[in-house]
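One structure is given here, and the rest of the page talks about it.
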Protein chains: 2
Amino acid sequence: MTQTADKLEQIHIGKKGAAPIAAPGWTGKPADRVKLVDCDVHHNFHDPHQLLPYLPKFYQEHLLDQGLHLPGAGYANTPFRRTRPDIKDPALQERDFNFSLEFTQKELLDRWNIDFALLTGPPVFLAVAGLPDPDWAAALVTAFNDWTIEHWLDKDPRVVNAILVAPNDPALAVKEIHRLAHRKDTAAVMMPMQTPDLFGKRRYHPIWEACAEHDLPVVSHIGGGSPGSTLTPVGFPSYYMENRMTRPSVASAQAASLIVEGVFEKFPNFKVALIEVQQMWAVPLMWHMDTDWKAIGDQTPWLKRPPSEYFREHIRIGSQPMHEPPRTEQVYQMLEMLHADETLIFCTDFPHFDWNDPVTVLPKLDERMHRRIFAENALDMLRITDDMIEAVVA
Amino acid sequence: MTQTADKLEQIHIGKKGAAPIAAPGWTGKPADRVKLVDCDVHHNFHDPHQLLPYLPKFYQEHLLDQGLHLPGAGYANTPFRRTRPDIKDPALQERDFNFSLEFTQKELLDRWNIDFALLTGPPVFLAVAGLPDPDWAAALVTAFNDWTIEHWLDKDPRVVNAILVAPNDPALAVKEIHRLAHRKDTAAVMMPMQTPDLFGKRRYHPIWEACAEHDLPVVSHIGGGSPGSTLTPVGFPSYYMENRMTRPSVASAQAASLIVEGVFEKFPNFKVALIEVQQMWAVPLMWHMDTDWKAIGDQTPWLKRPPSEYFREHIRIGSQPMHEPPRTEQVYQMLEMLHADETLIFCTDFPHFDWNDPVTVLPKLDERMHRRIFAENALDMLRITDDMIEAVVA
């Protein structure tokens with residue numbers, strides 16, 4: 001056990017489930033029942049062939065003959081061999097860690113006292129969003145959802161799902177939502193963020209309508225098909241570091257599109273969370289849209305309120321990767337600008353190299369802000385029922 | 001005269017050139033000599049045929065037969081009939097204002113005591129960046145530069161030029177820089193910001209090299225060829241308001257590209273200003289690149305320093321459109337985060353509807369910050385010689 005892990009053992013009073021986290025630095029009193037909801041926990045298969053039992057015969061043969069044939073996902077979301085030394089498994093050659101439930105329980109849920117973990121799948125797999133064959137994309141996400149049910153959801157009540165849908169044929173995404181919406185552990189719908197077209201466009205409205213019908217939010221993680229690196233308005237960047245810097249522009253474009261196209265006027269109970277895209281982009285977006293709305297709002301008369309009000313009511317932002325400015329207080333200034341008590345939801349991005357743990361990420365929050373970010377904002381958004389909470393915190 | 005204009009007459013002690021601005025709200029003492037440099041003043045022709053005398057015969061015929069045939073520039077940068085009522089000219093039918101030198105002198109330079117005004121051309125014309133014929137693009141920018149010399153630069157020493165180049169064939173852009181670099185009133189090079197490829201890519205390095213050789217910064221204004229609206233990583237947005245929200249992602253991508261590709265290691269005296277793209281995007285970009293550089297900087301070993309240091313030394317940001325947050329102090333928090341004393345240069349964007357005047361835009365700066373933003377940062381960047389200053393402030 002490394003020194004870090006050793007220290008963490010000591011600072012946890014409880015070892016399981018909802019035991020209070022009393023780590024140094026948590027200045028706020030956590031919420032009474034649900035204290036910690038993690039909205040970005042990556043699960044994964046080791047080999048695509050694990051999906052075979054969940055595919056119809058036709059697509060089993062397709063997988064055996066063609067492989068996943070996902071479009072290039074660009075740079076790996078996390079470098080394969082670059083992770084946290086404290087949980088490194090020396091037996092693994094290709095990657096430093098695996099994504100199994102047991103590993104996730106040991107290294108995340110138990111160690112950090114996570115009450116609920118929202119599964120967000122393998123980022124590389126989100127490239128299904130760019131598959132040219134919409135039926136193959138739909139078959140793959142259905143197989144992945146069924147694999148997730150059997151190997152994750154049925155085994156731990158703390159684990160809830162953002163069911164994966166592919167945007168390629170919206171009608172098939174709607175079908176998948178209707179197929180799994182009845183399940184209690186369906187807490188959200190995962191839509192890859194890098195779609196062929198903007199979220200506000202009318203082709204996607206049937207997906208949002210199905211979500212609204214089942215009171216399910218969309219949780220959208222960065223990722224999707226991309227030839228080599230993420231397109232910017234001025235071309236494809238060369239390097240991984242640049243590629244990471246494009247994430248705010250994806251999130252900002254999707255948020256502006258949803259708001260300006262009037263999606264939240266059309267579906268008043270619909271919420272969208274944008275995950276692993278940094279946070280601060282939302283501040284100038286809210287400020288500038290409100291300013292513009294005063295000057296040119298007559299061009300979009302279906303917007304009844306300042307755009308920032310739609311944002312604060314309907315859009316949520318993942319807390320990871322949290323900024324690390326030279327002066328720590330600037331993070332807290334940013335949280336105020338962001339209305340983080342309404343908009344920010346805690347995410348670890350476990351088990352990626354740039355993950356954030358719940359203790360050190362934002363150590364100086366007051367009690368209310370602490371509760372909002374680490375539990376309540378997520379509970380207000382996700383479809384998590386009282387009896388699911390009972391099962392976990394009892 | 002409107003009430004606003006009337007008031008402005010009263011608050012100006014001097015009426016010409018470098019007379020001190022003693023408007024209410026200017027809490028800082030302006031710089032001693034050059035007090036006010038405006039880095040974004042749009043000039044324009046009324047009719048493309050005005051360029052005919054400056055084109056070779058071959059391209060005169062081209063213009064007469066084909067028109068400018070600029071690619072769609074997307075939404076107009078400023079709505080044609082939506083401008084400031086205080087300077088509206090009722091004689092003009094198509095637009096509310098014109099772009100002549102006389103108009104600019106009367107309504108901007110004299111009225112607001114601008115010491116130096118950097119000409120930035122007509123935003124729609126920046127669509128030359130997307131012209132398929134690189135020779136036509138080069139002929140057009142040469143004609144425009146020569147028209148500017150005759151009708152603007154030779155008539156007022158306060159007016160300096162960002163000579164326009166087209167990125168379509170970098171060798172031709174280099175040629176244009178060498179052709180005009182000897183002129184005193186050449187203070188910068190204007191490169192449209194929406195280029196076919198990212199600024200850091202090697203195809204553009206000869207342009208940056210020519211700028212560095214002549215100690216000219218690039219001033220890059222939002223604009224360029226775009227089919228309908230500005231591309232985002234996830235498609236083309238539908239509405240003008242969304243389109244305006246894409247600007248930070250263009251600027252952020254160009255800045256990251258210049259830094260990560262090592263352009264500033266290659267050309268250590270080279271500076272780039274990014275104009276009319278908001279400001280706050282630069283804060284998370286600097287923060288996040290520095291964090292990433294610690295983790296994955298080994299992938300770009302040619303970067304010797306934290307990326308934010310390259311930014312603060314080499315990249316400048318236009319002050320317009322300045323954010324208008326709900327709580328005014330948040331603008332000043334942002335200026336701190338931005339290192340605005342190094343990075344921010346004052347821009348009016350005259351005469352567009354969303355322009356900022358120098359008095360009300362940032363009323364609560366301390367003396368040093370005031371000097372840096374309104375004069376010194378620009379003077380440190382632009383090629384403006386002492387005798388040019390003498391001619392203006394004497």
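Read the figures in this text as sums done on the coordinates, not as results from a lab. Predicted, not measured: the structure shown is a model, and the values here were computed from it. All Cβ positions, glycine included, derive from the backbone under ideal geometry; neighbour counts span all protein chains shown.
At a glance:
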| read-out | value |
| --- | --- |
| Candidate aspartates and glutamates - alpha carbon under 15 Å from A:LYS201, same-chain residues fewer than 8 apart omitted | A:ASP169, A:GLU209, A:GLU261, A:GLU265, B:GLU242 |
| Dipole magnitude of the stretch B:317-394, debye to nearest 20 (Cβ charges: Lys/Arg +1, Asp/Glu -1, about Cα centre) | 160 debye |
| Residue (of B:HIS42, A:PRO56, A:PRO71) at the positive-pole extreme of the protein assembly as shown, dipole from beta-carbon charges | B:HIS42 |
| Unit charges on C-beta of K, R, D, E only; dipole of the stretch A:257-338, Debye | 180 debye |
| Dipole of chain A [Lys/Arg +1, Asp/Glu -1 at C-beta], most positive-end residue of A:PRO217, A:SER252, A:PHE199 | A:SER252 |
| Across B:LYS155/B:LYS184; A:LYS175/A:LYS266; B:LYS35/B:LYS271; A:LYS35/A:LYS364; B:LYS57/B:LYS184, pairs whose alpha-carbon gap is larger than 19 Å | A:LYS175/A:LYS266; B:LYS35/B:LYS271; B:LYS57/B:LYS184 |
| ³J(HN,Hα), Karplus 6.51/-1.76/1.60, whole Hz, each residue of the stretch A:114-131, x for Gly, Pro | 6, 7, 10, 10, 8, 6, 10, x, x, x, 4, 5, 4, 5, 3, 4, x, 5 |
| Dipole-positive endmost among A:THR348, A:SER238, A:TRP293 within chain A (Cβ charges, Cα centre) | A:TRP293 |
| Chain B, rotation onto A, residue closest to that axis via Cβ, with its distance in Å | B:SER249, 2 |
| GNM top mover of B:VAL141, B:VAL41, B:VAL331 - chain B, alpha-carbon springs below 10 Å | B:VAL331 |
| Label point 7 Å beyond Cα along the C-beta direction, distances from B:ARG179 to other copies (nm, shortest first) | 6.3 |
| Calculated label separations, A:HIS214, copies of the chain, 7 Å along the beta-carbon direction, nm | 6.2 |
| Chain A: calculated mean residue ellipticity at 222 nm from DSSP helix runs of at least 4, using -39500 (n - 2.57) | -10000 deg cm²/dmol |
| Coil-residue trypsin sites (Lys or Arg not before Pro) of the stretch A:124-185, DSSP, other Cβ within 10 Å capped at 13 | none |
| Neighbourhood net charge (12 Å Cβ-Cβ; Lys/Arg +1, Asp/Glu -1) for B:PRO284 | -1 |
| Antiparallel DSSP beta bridges within the protein assembly as shown, percent to nearest 5 | 10 percent |
| Choice from B:MET241, B:MET190, B:MET369 with maximal GNM fluctuation in chain B (Cα, 10 Å cutoff) | B:MET241 |
| Selected from A:TRP287, A:TRP355, A:TRP147 as most flexible by GNM, with chain A as the system and alpha-carbon contacts under 10 Å | A:TRP287 |
| Extension reserve of the B:LEU101-B:HIS178 stretch, reckoned as 0.36 nm per residue once the Cα distance is removed | 25.1 nm |
